[in-house]
Amino acid sequence: MRKRFTAATVGLVMAGATVVATGTANSHGYTDGPISRQKVCANGLVSGCGNIQYEPQSVEGFKGFPAQGPSDGTICAGGLGQFAQLDDPRGGNWPATSVSSGATQSFNWRFTARHRTTDFKYYITKQGWDPTKKLTRASLESQPFLTVPFNGQQPPSTLSHSGKLPTRTGKHVILAVWTVHDTPMAFYACSDVKF
């Protein structure tokens with residue numbers, strides 16, 4: 001009897017782990033325009049990325065940024081230690097997308113699961129920030145330069161929207177935050193750009 005109970009318990013635990021793993025693998029998204037650090041890693045454009053290269057869609061942290069969410073220095077990885085490579089500034093040498101001050105920029109998302117969505121917000125680093133340091137709230141403008149309300153709707157598998165870039169010179173980081181409507185989570189993506 002005890003052996004049967006133990007085998008049944010192990011079977012239930014394994015089935016539960018499979019459901020959890022499957023649910024996690026399907027519930028994500030990332031930006032690929034301007035290309036995010038996680039997509040740079042997935043495309044093999046830099047080395048030393050760790051597991052994020054296999055799952056660029058998985059940078060999920062608590063929502064409520066900037067009042068809540070990932071702590072300073074862990075923002076690009078969504079506060080997830082397993083993706084800490086995204087927070088490494090690499091001496092300011094992440095590949096950067098060329099952009100222009102005041103230009104209309106397209107922001108492109110790819111979703112592996114289409115969660116109901118509150119909004120998409122885009123923050124940018126302040127002029128004079130140090131690209132050799134980890135990203136902190138103090139290095140970002142306190143307000144997003146673009147907010148796209150989504151009112152609890154579900155996005156398509158790919159989504160693009162546009163907004164006007166602030167005036168900047170040199171290298172900067174655009175932080176994209178996708179706020180999920182019906183969970184306590186959000187997805188984070190850092191894109192390196194050069195004005």
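The values are calculated or read from the model by the stated rules, or taken from the named source; none is laboratory data. Just so you know, these numbers come straight off a predicted model, no measurement behind them. FYI the Cβ positions are ideal-geometry reconstructions off the backbone, even for glycines, and counts take in every protein chain you see.
A few comments on the model shown:
- Residues that are under 20 Å from Pro34 (Cα atoms), part of a helix (DSSP H, G or I) and at pLDDT 95 or above are absent from region 108-123.
- Residue satisfying condition, being in a loop (DSSP other than H, G, I, E, B), more than 29 Å from Gln153 (Cα to Cα) and out of contact with any Cys (no Cβ under 6 Å at 6 or more places or on another chain), within set Gly69, Gly102: Gly102
- When Ser106 is tested against (1) out of contact with any Lys or Arg (no Cβ under 6 Å at 6 or more places or on another chain); (2) among the small types (Gly, Ala, Ser); (3) over 20 Å from Met185 (Cα atoms); (4) surrounded by 13 or more Cβ atoms within 10 Å (Cβ to Cβ), just one condition goes unmet, and that condition is (4).
- Summed over region 132-177, residues that are touching a Ser or Thr at 6+ places or on another chain (Cβ under 7 Å), aliphatic (A, V, I, L, M) and either loosely packed, with under 13 Cβ neighbours inside 10 Å or closer than 26 Å to His115 by Cα (or both) total 3.
- Hey, Ala96 surrounded by 13 or more Cβ atoms within 10 Å (Cβ to Cβ), more than 19 Å from Val193 (Cβ to Cβ) and small (Gly, Ala, Ser) or not: no
- Looking across region 124-152, the residues that are touching a helix residue (DSSP H, G or I) at 6+ places or on another chain (Cβ under 9 Å) and in contact (Cβ under 8 Å) with a residue 40 or more places away in the chain come down to Thr125, Trp129, Pro131, Thr132, Lys133, Lys134, Leu135.
- Among (1) at pLDDT below 50; (2) closer than 30 Å to Asp192 by Cβ; (3) surrounded by fewer than 13 Cβ atoms within 10 Å (Cβ to Cβ) - the single one Ala25 does not satisfy: (3)
- Extreme residue, surrounded by the most Cβ atoms within 10 Å (Cβ to Cβ), among residues of region 72-93 that are touching a Leu at 6+ places or on another chain (Cβ under 9 Å), part of a loop (DSSP other than H, G, I, E, B) and not β-branched (Val, Ile, Thr): Cys76
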